[in-house]
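The values are calculated or read from the model by the stated rules, or taken from the named source; none is laboratory data. Remember, predicted model here, so these are calculated numbers, not experimental data. Cβ coordinates were reconstructed from backbone atoms using ideal geometry, including for glycine residues, and neighbour counts include every protein chain displayed.
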Amino acid sequence: MENEPTPADHSQAEPASAAAPAPATEAAGSAPTATPAPAAETAETTAPATAPATAPTTVTTTGAAAAAATPLDLDGIQRDLADVELALARLDAGTYWTDEVTGAPLPAELLAQRPTARRAPV
C-alpha cells in the first residue's frame, strides 16, 4: 500500500504534453486570429421529430415601410377613436354593459371581443 499513488503524491503527475496546450504566440504586428467555436456551438439545431408543427408567422411591417406600403385610413382611425371615447363615457355613466336601444345586458363575451360594442347581436 505504500507504493500506491495518492492524490497529494506529485511524483506521479501527468506529463506536460497531456496538459492544456499553450496559447499560440502572435507575430509582432500581425492581427490576432479568431479561434473557431467548437462544433457543438456552431451546429444548427432542429426541433425533435415529435414537436407539433406550427403555423407560419405573419410579419407586420411598422414605421416608414408600412406607411409606404399602405396609406392610412384617417377616417377609420377617427371612427375608432370616437367609438373608444363613447365606450369610456358609457363606462363612466354606468351604461357600458347594456344595449343602447333595448337596455338588455350585453354578453361579456361580446364586450371581450369588441370593447366598443353598443348593441347586442340580433
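Report yes if ALA120 is surrounded by 10 or more Cβ atoms within 10 Å (Cβ to Cβ), of a type in the set (Gly, Ala, Ser), at pLDDT below 95 and assigned to a loop (DSSP other than H, G, I, E, B), otherwise no.
Numbers: surrounded by 10 or more Cβ atoms within 10 Å (Cβ to Cβ): yes; of a type in the set (Gly, Ala, Ser): yes; at pLDDT below 95: yes; assigned to a loop (DSSP other than H, G, I, E, B): yes.
So ALA120 passes the test.
Could you tell me which residue of region 62-100 is farthest from PRO121 (Cα to Cα), considering only residues that are of a type in the set (Val, Ile, Thr) and modelled with pLDDT under 95? Steps first, please.
Residues of region 62-100 that are of a type in the set (Val, Ile, Thr), as a first pass: 62, 70, 77, 84, 95, 98.
In the following step, the residues that additionally are modelled with pLDDT under 95 were identified as 62, 70.
Details: THR62: 34, THR70: 32 Å.
Of everything passing the filter in region 62-100, THR62 is farthest from PRO121 (Cα to Cα).
Restricting attention to region 81-91, report how many residues are touching a residue at least 12 places away in the same chain (Cβ under 8 Å) and not basic (Lys, Arg).
Residues flagged as touching a residue at least 12 places away in the same chain (Cβ under 8 Å) and not basic (Lys, Arg) within region 81-91 amount to 4.
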